[in-house]
Each structure stands twice: as C-alpha cells, then as structure tokens.
1. Only one of these conditions is not met by residue 319: (1) farther than 28 Å from residue 131 by Cα; (2) modelled with pLDDT of 90 or more; (3) surrounded by 17 or more Cβ atoms within 10 Å (Cβ to Cβ). Which number is it?
2. May I ask you to list the residues in the stretch 9-58 that are touching a Leu at 6+ places or on another chain (Cβ under 7 Å) and in a loop (DSSP other than H, G, I, E, B)?
3. Answer yes or no as to whether residue 412 is surrounded by fewer than 16 Cβ atoms within 10 Å (Cβ to Cβ), more than 26 Å from residue 514 (Cα to Cα) and out of contact with any strand residue (DSSP E or B) (no Cβ under 6 Å at 6 or more places or on another chain).
4. Could you say whether any residue in the stretch 313-328 is in a strand (DSSP E or B), over 19 Å from the mean Cα position of the chain (by Cα) and over 26 Å from residue 445 (Cβ atoms)?
5. Among the residues of the stretch 407-466, what is the count of those that are closer than 24 Å to residue 379 by Cβ, touching a helix residue (DSSP H, G or I) at 6+ places or on another chain (Cβ under 8 Å) and touching a residue at least 60 places away in the same chain (Cβ under 8 Å)?
6. Please work out which one of (1) in contact with a helix residue (DSSP H, G or I) (Cβ under 6 Å, 6 or more places away or on another chain); (2) more than 22 Å from residue 444 (Cα to Cα) is the condition residue 507 fails and give its number.
7. Could you check the stretch 350-466 for strands (runs of 3 or more DSSP E) lying wholly inside it with 1 or more residues that are modelled with pLDDT under 90 and closer than 25 Å to residue 481 by Cα?
8. What strands (runs of 3 or more DSSP E) completely inside the stretch 474-545 contain at least 1 residues that are modelled with pLDDT of 95 or more?
Amino acid sequence: MKQFVLASGGQPEWSEPELSLAVNARGRRAEGERIELESAGVELRAGDDQAIASLAAPVADLRGKGPWPIEFRATGDLARWEARARPLLPPGDWRLAGRFTASGKLTCGEEQATLTGTRIELEGLAFQGPRLSFQESKSELVVGSAQWRWEDHRLDVPSAVFSGTSLGVGLEPLRAAWSRGELSELDATVAVRTTLDRVQEWATAREAAQPAWLVRGRLAGRATVRAEEGKLRVETDAAVEDFSALHASGKRFAEPAIRLAAAGSYDLGGGVLQLERLKLDSKTAVVEVAGNVARDGPAARLALDGQCRYDVARLSELGRAQFGVPIYAAGQETSPVLYRGPLTLAEAEARFGLAWAEAEIVGFRFGPGELATHLSGGVLCGEPLEVDVSEGRLHVVPQVRFGGEGAVLEVGGGRLADQVRISPQMCAGALQYIAPPLAGVASAEGKFSIDLDECRIPLDFPERGSLAGRMTVHSVAIGPGPLVHQLATAVGLGGTAQLSRESTVPFRMVQGRVYHRDLQLVFNDVTVTTHGSVGLDQSLALVVEMPVPAKWRTGNATLDLALKNQTIRLPVGGSLLQPAIDKRELERQAGQFLEGAARNVIGNELNRQLERLLQQGGRK
C-alpha cells in the first residue's frame, strides 16, 4: 500500500509512505469437514519497523475453538509505533521515543488467552508527559506469564519486572477483574527501586531553570492496592537511604535514612483519598498525620491533621545548612500540625509550632521558648516572640512570604534585642558586619541593643536581602582583634579599646554589603571613627578617621598644636580577619601634615617678626 492513512474520530492520523503486509498459511483437509492448519504467518513492514506473528504449533481444526499458539516478534522505533497507535488510543499529551525489540508467545483458547515468555528490550527509552520526562539508556520488561479469562473478564499476572540502569519496577502479583466495563476487583503489589537524583531529573526536565536544591539518595518502596466496594485500599512503605540535599550556594543537609509509611482508601467515584495514617520517620523529625486528599480540577487539595515530634539539635543542623549561619539548639519537642489546601504554599493554610529547651544563634544564647506559626495567603506568620537572650530580652515578629522570589523572611520594625550581654561568639557572628572592630576579638564585655527599621531576606539567597537599623552601644569593651591590632601597629595606639558609651551606630545591608557609620572606637589617648561597608564574603571597604596620634608630636608647642587640629583618614581593605591598612597613604598624610604644620609655624613666626619691625619703625 502506498500513501496509507488511517484516521479515527478527530485523532491524529496514522500515515505511512509505504506499508506492506504478507500473509501465508498452509493446511490440509482432514477427515470430515475438519481443516488442519499446519503453519501460518503474518508480517507487517513499514520502513525499518516490522511485526511478525506465526503459529508455534499446528492447529487441529481451523474452524474450532483452539487453542491457537502464536509466537510474535516486533522491532522498530517507539515514536513511530506510538504515532501509529494514536488513532486507537484515548487523547493525551504524551510522547514515546527509543528503539525496541519485543518477543513472546500468546496462546488463545475458548476460555482464556495466555501470554508467556514475553520480553521487551529497549534502547534510548524516552517518555514525555505533561509533568514528567523519563529517560533510560538501556532497559527491559519481562512478563513471566499473564492470563486473561474471557468469561469473567479477569486478568492474572503472577510477575512482571521492568529493569533499567536507574529504575526497577516489580509487579507480583496483579489480579484484576471488570464488570460492565468498570473495575470490580483488584489486588496488586508493586515494588520500586531508583535514586532521588533521577526522580528529580525526570520531574524537572521540562522546566527551564535548574532546581535550587539537588537531592540524592537511594529509594526503595512497595505498595499494595486492593479494590473493595468501589474503593481502592492502598498501603505503602518506602525508604530513602543516604539522603542529601545540596543547594546552589553550597549549603548541604543529610539524613542517613528516611522512611514513609501510609495506609488509606481511594473512592473511585468521588475521587477522594482518605488517609488513615501517614508517617514520615527520620532522625530529624517524626511526622504523623491523617486526613484526606481530594481532586480539585487538575490539582489536589489536602486536609491533614496530626503531630510532629522533632529533634531540635537536628533541626538546627538543617538551619545551618539552609541559612549558612551558626545555629545550635537542644530539646526533644512535639507540636501539632494542620494543613489545608493545595500543595502550593501560596494558596494553602497551615499551622505549626517550633519549641526548644535552649538555643544559640550566632553567639546569642536563648532560653526556653516556642514559636507558633500560621500559614495563610502565601505568608507564614509567627506569633510575637518574647524570650530571654544572653541576660537581655529578644522581641521579634517574623513572617516568611512565599512568591516569585521563593521564601522571603520579613521581620517587623522596632526594638529587636534589648540590653543583651555581648560575647566573643556574637562578635564572630552578625555583629562583626555591623561593627568591624569586633571581628576576631579575644574578649568582649558589655551590653548593647538593636533596633530594626527594615528586614527582608530571601532565604535561598540571603545576599540579595535588605536590612536597616541601629545598634546602640551601652558599654562594650573589647580585647585585641585584627582591626584593633592593625591600628595599634600602624599609628601606635593601645592594644585594647572600647566602643563609645551610649553611642548609636546606624547600619543597612544592600546587595550583599553591610554599611555602617559613626562607629566610635575609644583608645587610651584617641577616639577613632569608622564608616564604610563589610561584604557578606567578609571583604572590607572602610575609612578610619582619627586625630594625629601622640607619637607624631615634635616637642615644639606651636608645631604640636598645629598637628593636633589635623584629621587622618585611612582607607582599610582586605577582610575582617586580615584587614589591610594603606601604609603608604598613612606615610603620605604624615609627611603632608608635618610639612603643613611646619610651614604654618614658620609663616606665623615671620608674620610676628615683620609686625614687630613695622611697630618699631613707626615709633622712630
């Protein structure tokens, strides 16, 4: 046949430039009206694709009821075979690709049809659906046997295995029956093994952007499905070993094992999955919920209630991985869990609490506390939190907004930390970005407070956040640190210093840099003022201002008075732990000040002498 076309009901057409069909049969008339079929074969060819079927044994009576043993073999391109079958299949947005070879034996009789020894070998298998893009370089499907009973429309598959390089699926067994076109009986057990990186790859292959988090781990699971009075009874048990999640920024979180167990029933008519129990078990947390999942158009809506038992120390490890800041906490706590709505956080409603026995965040030591949260309208709001922190008090009203930028942390303005006792650990954390002289100090004593005007931090990319406020220094004395040491060495200051009492240091974070001004560092004989910025990568871009130090004095009262009124302005680069003062600029300014002061002294002396001579000449 040339230019063959098959169309049905508006479906895509099956068209072939050339299609050939070869049929052969050999038989003989036996006794009576019986015709014995000795051999028969059918071969269909379309380009490089072919399908062959032949009798595996003679048939005693061509007009009888069998059995008919048929061996079959087919090879070709899956994309072309899928296109050929589309007019006969229900519509759907899916595609197949790859090369295949299929073989097996089908025996048809009056009561049943039996499939044995079926094997399908696949190379370059690719399946693309609306939300899934699946690839396997080499795989095969083996069906040990399958039986179909004509009278009661019953299918029995004792075993079937799909195995590939990264996916294995086992079916053992499958029993199903249909009555009046509807499923009336089902009993099946499915086992799956794969890796999470491949699952993520298949689920996100059609997305333009790379996922922010890449997951790894070995997944193995088993599900049992049974049909009971119009409902499907489902029980599942799955485990992930060596789980890890790696963020694009380098953050990482790991779990040695995660287990998921669930049981429930699905209403075939109403489209509702009733969850009797769902338990997620890991070292970090154990979540147990019950409820239902209902269809809402193409999406699903969840209504779940339960509780979560969690290890606060493990959660703090997750916080360190997510936020990249030192977070340490302790406690074994339990909080209620509620979730309503679709899986998209922007449209769901949820409630959850987080409690701790003790905690430390960037050096701030917290007493016992609990943060209650409520998710609604894409915003996760925390109840106002009041908690003791390092002999002071913390007051915070946090919220996390979910949207196009991902999760964004926002904190309301006002007094955040009140009369908190400082420590070297705090100085090594957030405070060193606001007040760079605190970086790397060996000791720190005193108290401070912090007021916020603005706080908006994308959790996945904190460097893109904005922050503004004021640090009030009540009394802070510090020991030697990198910046203090550099200043002491360069201009001869003492090795210890303190921040100016009851002073205010405004700060703001823009594009990954924290800017400050009016920070006053008091040494024994001089007060140093700094302004500039510190990058979240700890790079420095500062200017240090100070009067001329005592070691530059000459002993000439007039000259020293002139120097005393000068101000040194030194640029400081490098990093928080390795600041770099421009010594050439320091020498240049020193020479310039001395030269200018001497010139002023000489000029003043000449003016006085000239005035004296003029006065003497007037008297004469």
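The values are calculated or read from the model by the stated rules, or taken from the named source; none is laboratory data. All figures in this text were calculated on a predicted structure; none of them were measured in a lab. Backbone-built Cβ (ideal geometry, glycine too); neighbour counts: all protein chains shown.
1. Only one criterion in (1) farther than 28 Å from residue 131 by Cα; (2) modelled with pLDDT of 90 or more; (3) surrounded by 17 or more Cβ atoms within 10 Å (Cβ to Cβ) is unmet by residue 319, namely (2).
2. Those that are touching a Leu at 6+ places or on another chain (Cβ under 7 Å) and in a loop (DSSP other than H, G, I, E, B): 13, 58.
3. Working: surrounded by fewer than 16 Cβ atoms within 10 Å (Cβ to Cβ): yes; more than 26 Å from residue 514 (Cα to Cα): no; out of contact with any strand residue (DSSP E or B) (no Cβ under 6 Å at 6 or more places or on another chain): yes.
No, not satisfied.
4. no
5. 2
6. If we test residue 507 against (1) in contact with a helix residue (DSSP H, G or I) (Cβ under 6 Å, 6 or more places away or on another chain); (2) more than 22 Å from residue 444 (Cα to Cα), just (2) comes out false.
7. Result: 358-361, 364-366.
8. Here the list reads 503-510, 513-522, 527-535.
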